[in-house]
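Every number here is computed from the coordinates shown, using simple stated rules; none is lab data. Fair warning: this is a prediction, and the values are worked out from it, not measured in the lab. Positions of Cβ are generated from backbone atoms using ideal geometry, with glycine treated the same way; all protein chains shown enter the neighbour counts.
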């Protein structure tokens, strides 16, 4: 019997269009692989839609109708980046409906979305992270630094609101820009090093592995414009010696496990003369065929369609975040058989 997958894209956040691209690519790959696919989109106002139009009036009414689509699905594939998706919101919905979901559960998704929380977890398990401080958007008028810093929203993706500040005027502008995206702002020391991404995949049997890392070549901060205007250059595999590749892979898998991730994650580092320094973790990274993560797996001989299929095969029902669960997931059998 053909399995039915509900792919959810869009979302109420700055990454809406990027999420639509991921959802479209994932849905096409699943159809190519023989799955039945239902496409659901959350528009910028929070209304759930199918290709034929809105499923109801407003967020609540349309969600009620969308639950019927989710109920028929064997697996949900959440393709929303950022808030109301990647942050554990959709994992919570799947937990409430007892629907198997591809990707990380509630706790790892929420922790991974929060760059400050991720930094604390990294330091707790012995992974270096850039020194920094957390400030409230309401307090930015009192912030002053005498060194070059990177300013970023504490919980957002695709580098929206990220800026480099070299003087007081740039710092003020960067803080106000970041405050458009979050009421908590992270200010970090600038780290000199090569920017390296490592992808980690947890297979259906629990095995975790990482394909060859990817290096990002760009001048200055790898911001939103550089990510999507084609000016950044990627090297896959990154030109690394065996020692550096082993250190990066080990740190990525350790971070994946420390957060309790499932499915897929992209762990970003600066590679310095003293080893890897964590930048952030993405539990739902960009997933078009040309995105960084699929490029890494392609370099390992795993084509895009097979990668998406493996994520579906590894799907489980997200569990409530309680002392009796690990990583916000449970291994209970699929209630739909």
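Between the helical axis of 168-179 and the dominant principal axis of the chain, each derived from Cα atoms, what acute angle in degrees is found, rounded to the nearest 10?
Orientation of helix 168-179: about 10 degrees from the principal axis.
Sort 111-124, 25-38, 234-247 for me by packing, meaning the mean count of neighbouring Cβ atoms within 10 Å per residue, highest on top.
111-124, 25-38, 234-247
Taking neighbour counts of Cβ atoms within 10 Å as a proxy for exposure, in what order, fewest first, do 107, 180 appear?
180, 107
To check my understanding: the extent here is largest minus smallest coordinate of the Cα atoms along each principal axis. What are those three numbers for region 104-159, in Å, largest first?
37, 25, 19
With r defined as the distance between the Cβ atoms of residue 313 and residue 133 and R0 fixed at 35 Å, what FRET efficiency is calculated, to the nearest 0.05?
Efficiency for this residue pair is about 0.25.
Can you put 80, 127 in order, fewest other beta carbons within 10 Å first?
Listed from fewest to most nearby Cβ atoms, that is 127, 80.
Can you tell me what share of the DSSP beta bridges in the chain is antiparallel? A percent to the nearest 5 is fine.
For the chain, the DSSP antiparallel bridge percentage is about 75.
How compact and how long is region 132-189, expressed as Rg and Dmax of its alpha-carbon atoms in Å?
Expressed in Å, the Cα Rg and Dmax of region 132-189 come to 9.7, 27.
Determine Rg/Rh for region 4-103; Rg is computed over alpha-carbon atoms and Rh is the Kirkwood hydrodynamic estimate from the same atoms.
0.92
Take peptides 270-277, 39-46, 254-261 and line them up by average Cβ neighbours within 10 Å, highest first, as a rough protection proxy.
254-261, 39-46, 270-277
Would you calculate, for the chain, the mean residue ellipticity at 222 nm contributed by helices, counting each DSSP H stretch of 4 or more residues as -39,500 (n - 2.57) and dividing by all residues, to the nearest 500?
One gets -10000 deg cm²/dmol as the mean residue ellipticity at 222 nm.
Among 279-285, 290-296, 53-59, 140-146, how do they line up from the highest to the lowest mean number of other beta-carbon atoms within 10 Å?
Peptide ranking by packing, descending: 279-285, 290-296, 53-59, 140-146.
Across 5 Å bins from 0, what is the distribution of all Cα-Cα pair distances for region 28-161, in whole percents?
Calculated P(r), rounded to whole percents: 2, 8, 15, 17, 16, 13, 9, 8, 7, 4, 1, 0.
Listing 218, 249 from the residue with the fewest other Cβ atoms within 10 Å to the one with the most, what is the order?
Starting with the residue having the fewest Cβ neighbours, the order is 218, 249.
Mind grabbing the base-10 log of I(q)/I(0) for the chain at q = 0.07, 0.10, 0.12 Å⁻¹? Debye formula, identical points on the C-alpha positions, no solvent, two decimal places.
At q = 0.07, 0.10, 0.12 Å⁻¹ the computed log10 ratios are -0.27, -0.57, -0.83.
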